[in-house]
Amino acid sequence: MTSSTAAIPIQVKGACPHDCPDTCSLVTTVQDGVAVKLQGNPDHQPTGGVLCNKVSRYLERTYHPERILQPLKRVGPKGAGQFAPVGWDEALNDIAGRLQAIAAADPQAILPYSYCGTMGLVQGEGMASRFFHRLGASFLDRTICATAGAEGLIHTIGGKLGMRVEFFAESRLILIWGSNAIGSSLHFWRLAQEAKRRGAKLVCIDPRRTETADKCHEHVALLPGTDAALALAMMHELVVNDWLDHDYIAQHTLGWEGLRERALRWSPERASAVCGVPAAQIRSLARVWGTTAPAAIRLNYGMQRVHGGGNAVRAVACLPALTGAWRHRAGGVLLSTSSEYPIDAAALRRPDLLAGRTPRTINMVTIGDDLLRPSSPSFGPAIGALIVYNSNPVAVAPESGKVVAGFAREDLFTVVLEHFQTDTADYADYVLPATTQLEHWDVHSSYGHTDVLLNRPAISPLGQARTNSDIFRELARRMGFSDPCFADDDQTLCRAAFGDRVDFELLLAQGFAPLPVAEAPFAEGGFPTPSGKCEFFSERLARQGLDGLPDHVPNHEPFGASPRHPLAMISPPARNFLNSSFVNLQSLRDIEGEPLLEIHPQDAQARGIASGAVVRVFNDRGEYRCKAKVCERARPGVVNGLGIWWRKLGLAGTNVNQLTSQKLTDLGRGPVFYDCLVDVRRG
Ligand code: SF4
């Protein structure tokens, strides 16, 4: 079409699908069926018209020349990435037949593997859940990111709830705890900057000197996995200096005497020895927390990826109740707002299709071990088929040596729904081309604000790409699942996600719908715990034989415990990547350069390592080669392996997860990516 006959551009409202608390509202400009511009929605207050650097490149991602746009069938050995194009009918008929044969023996031998490649409720666990429920496949425990922290919150304040993010702009003190907000929660960071301009103090608590730490007034560079010890020592100081809101404690908390006694065992000197932070800095942090109002904590999930992650979140979540910070709308703590959303899971996911069956549950964190397990009475059938969607486990699951060995099993039938030929897609028997966010309907909750967002398709699916829901709908049909729910289209699924609990007409009209959430949710107590109080002591945990009070739970691999592996390694995301998403975008990879290990000058000098040198990072689980960056972003004793690079884009076909372990957290059965001892050598 020539420019003189070109159609008038249209703007389509959508939602960012990525695993980020900000859940931005998008506006896509479409001309002649092509998306030509993507912007943040200026009318959506949490987005404020701004997108992060990553999603600003979403058109580059959508129209990437390496997008998979037709079904592919493996023609080489597993993992070699050799595929030939195949028609949809042939692919779906063969997949349905293979799954039927496995299910005839035991459907639990089939495992879905998915996470938050999209946060959409429809293209995530909508039609997919209906399909796997009807099939009777194994359940997947979706624990790989946030469950330790979620359990910590639930057992303290009663849910994944907290401050409304917009009120951080009014706080006088913000502790940014375990979060590189500039990279991973840009819109919160804008509010923190506003608070700073109004005179607030910002403190960053993080083992790494992040870009966020650079811009805060103070950085507390504690050792990984010692956050609960720091929080308990802060409580010690609150007690001995009487920086407490006695009235709030008496009326709205449970278990104060026990917590007080425990906190008094954590002098700043004791915590200093555990955390690797000067006692004077702990005292000063406690003083500013105890004497500033309104005071707020923005917690993120980095700090809970260690053995004691659940207890650490519990300890931190107690701090606002001790000082009565919840009385103010700009005080309290925010880790997640997920529990605010009235999702109608029964209507969307249809657990009734299980028809009384209770399949076994496989934890996604231990997929490496579990793919290698034979059938047994305790485990059940060996995993015979994996359907992977919205995830890239070969790159992101821990202890990847075992994950790769599992995926390489010739007797494992693997189907991967994907946009790109990821490390995981290389091990597939079939790769099925999935639509991106610009090509499908979806509806979104958030874990950083409290609006529901609708995503309308802006363009038609590229090539032969299909929506995840359409792929599961087609598989259901070919497997003879005639239940009417498999005929629901994606708009129907969008409506089913919230039913009449959210005004769908408002979503259609403006793209977002705010939930009615109180400004200061716990100003008068009213925590949704069994006692209705902030539970310093949790009877529910005690009944499970666990400690009812929060405590410091040492790492599985505590700093200093292994002479052979004297360095602690954390693996936070590189600023321009979102887990393993965006790593294949050249423009972002050009910014990140190559896989790097940040190492402090003292640790580098002791090993004769210079910046730019190739290093070998190793422990008993494996080794990883990358370039060293000698800098003070790493604190002494801790190295930062920035992630999550695709293995095949790294130096020797591995990434940091070659070194991480499959051990689990104290609560929530989560992963311990940042609880990992290593050593480093040149070369
Ligand atoms: S800030 Fe987060 S929600 Fe917003 S566009 Fe970026 S990744 Fe998406």
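Per-structure values
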{"item": "From Phe472, Phe481, residue being of a type in the set (A, V, I, L, M, F, W, C), in contact (Cβ under 8 Å) with a residue 60 or more places away in the chain and in a loop (DSSP other than H, G, I, E, B)", "result": "Phe481"}
{"item": "Residues (within 15 Å of Val553 (Cβ to Cβ) and either at pLDDT below 95 or of a type in the set (D, E, K, R) (or both)) located in the stretch 245-276", "result": "Arg262, Arg265"}
{"item": "Count of residues meeting criterion [assigned to a helix (DSSP H, G or I), modelled with pLDDT of 95 or more and closer than 20 Å to Asp551 by Cα] in the stretch 291-325", "result": "16"}
{"item": "Some residue of the stretch 178-199 being out of contact with any Asp or Glu (no Cβ under 9 Å at 6 or more places or on another chain) and closer than 30 Å to Ala542 by Cα", "result": "no"}
{"item": "Enumerated strands (runs of 3 or more DSSP E) restricted to the stretch 1-78, each holding at least 1 residues that are of a type in the set (S, T, N, Q) and under 27 Å from Ser391 (Cα atoms)", "result": "25-31, 34-40"}
{"item": "From Arg329, Arg287, residue being assigned to a helix (DSSP H, G or I), open to solvent by 20 Å² or more (accessible area, probe 1.4 Å) and among the basic types (Lys, Arg)", "result": "Arg287"}
{"item": "Helices (runs of 4 or more DSSP H) contained in the stretch 499-616 and holding at least 2 residues open to solvent by 70 Å² or more (accessible area, probe 1.4 Å) and under 29 Å from Tyr115 (Cβ atoms)", "result": "586-592"}
{"item": "The stretch 82-133: number of residues that are assigned to a loop (DSSP other than H, G, I, E, B) and either buried (at least 23 other Cβ atoms within 10 Å of the Cβ) or of a type outside the set (D, E, K, R) (or both)", "result": "14"}
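Here's the yes/no breakdown for (1) over 30 Å from Thr143 (Cα atoms); (2) more than 16 Å from the ligand (Cβ to nearest atom):
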position	(1), (2)
Ala35	yes, no
Thr47	no, no
Arg61	no, no
Lys78	no, yes
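The values are calculated or read from the model by the stated rules, or taken from the named source; none is laboratory data. Nothing here was measured: the structure is a model prediction, and the numbers come from that model. Because the Cβ atoms are built from the backbone with ideal geometry, glycine has one as well, and the counts that use them run over all protein chains shown. Note: accessible area is taken over every heavy atom of the protein model, side chains too, but ligands, DNA and RNA are not part of it. Shrake-Rupley method; radii C 1.70, N 1.55, O 1.52, S 1.80 Å.
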